[in-house]
Amino acid sequence: MMRIFRQLDEHECVLRAQRGNHAAFSELVARHQDRIYRFLFRLMRSQDDARDLTQETFLRAFQGLPSWRPDASFSTWLFRIARNLAIDLLRRDRHTEFVALEDEAYIVDPGSRPDAALETVQRYRMLEAALARLPVDHREILLLREIEEMSYDDIAAVLDLTLGTVKSRIARARAALLDKMPRSLEEM
């Protein structure tokens with residue numbers, strides 16, 4: 001039965017889920033849970049919080065299905081739910097600790113020279129550390145644009161901003177990220 005839903009486009013899956021088809025909603029979860037988790041993990045910097053918020057995101061989405069309208073894509077709607085839950089938790093708990101990614105999280109070309117592989121891992125660590133030092137509003141907009149590869153229009157919908165504000169915030173966030181990055185590996 002689940003195989004049937006893999007063939008459906010997102011809109012049709014949502015329509016079936018709205019009519020009470022739990023398998024269709026399960027397919028939507030399978031399609032989006034990894035992206036939502038990665039976004040939340042990088043935003044919250046906590047695996048536990050990211051897992052909890054990912055679950056809560058899909059619970060809220062399931063509860064809100066009857067009122068979902070296709071004026072924005074389902075994935076944009078999910079990211080908006082996830083972002084709002086994360087911001088609420090950040091406000092409530094004032095999270096500030098940094099959880100570094102494990103070494104296994106870095107993808108390194110096995111055919112590359114050991115020194116090049118080490119440099120790649122170090123650059124990823126520098127980027128993650130610099131990203132973690134950004135304010136939440138800069139971090140979230142960069143994650144949506146650069147990691148999740150969302151369009152400016154989708155980011156505007158997720159963050160409830162105008163297109164011009166999205167563009168200017170991305171420019172400011174990129175500049176802030178560059179300021180936080182060491183100029184070379186020796187500065188680490």
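The values are calculated or read from the model by the stated rules, or taken from the named source; none is laboratory data. Small disclaimer: the values here were computed from a predicted structure and weren't measured. Cβ coordinates were reconstructed from backbone atoms using ideal geometry, including for glycine residues, and neighbour counts include every protein chain displayed. Heavy atoms of the whole protein, side chains included, go into the accessibility calculation; ligands, DNA and RNA do not. Shrake-Rupley method; radii C 1.70, N 1.55, O 1.52, S 1.80 Å.
All of (1) of a type outside the set (Val, Ile, Thr); (2) under 26 Å from Leu131 (Cβ atoms); (3) in contact with a helix residue (DSSP H, G or I) (Cβ under 6 Å, 6 or more places away or on another chain) hold for Ser46 with one exception: (3).
Of the candidates His11, His32, His22, the single residue that is surrounded by fewer than 19 Cβ atoms within 10 Å (Cβ to Cβ) and modelled with pLDDT of 90 or more is His22. In the set Asp48, Asp71, Asp34, only one residue is under 15 Å from Leu90 (Cα atoms) and not hydroxyl-bearing (Ser, Thr, Tyr); that residue is Asp48.
Once segment 65-122 is narrowed to residues that are modelled with pLDDT of 85 or more and in a loop (DSSP other than H, G, I, E, B), the residue that is most open to solvent (accessible area, probe 1.4 Å) is Ser73. Taking the listed residues Ala50, Ala130, Ala61, the one that is out of contact with any strand residue (DSSP E or B) (no Cβ under 9 Å at 6 or more places or on another chain), at pLDDT below 90 and either open to solvent by less than 40 Å² (accessible area, probe 1.4 Å) or assigned by TED's automatic domain parsing to the domain that holds Ala173 (or both) is Ala130, with no other qualifying. Selection of segment 21-40 for residues being in contact with a Lys or Arg (Cβ under 7 Å, 6 or more places away or on another chain) and of a type in the set (D, E, K, R) yields only Glu27.
Scanning segment 146-169 for residues that are open to solvent by 50 Å² or more (accessible area, probe 1.4 Å), charged (D, E, K, R) and in a loop (DSSP other than H, G, I, E, B) turns up Glu149, Asp160.
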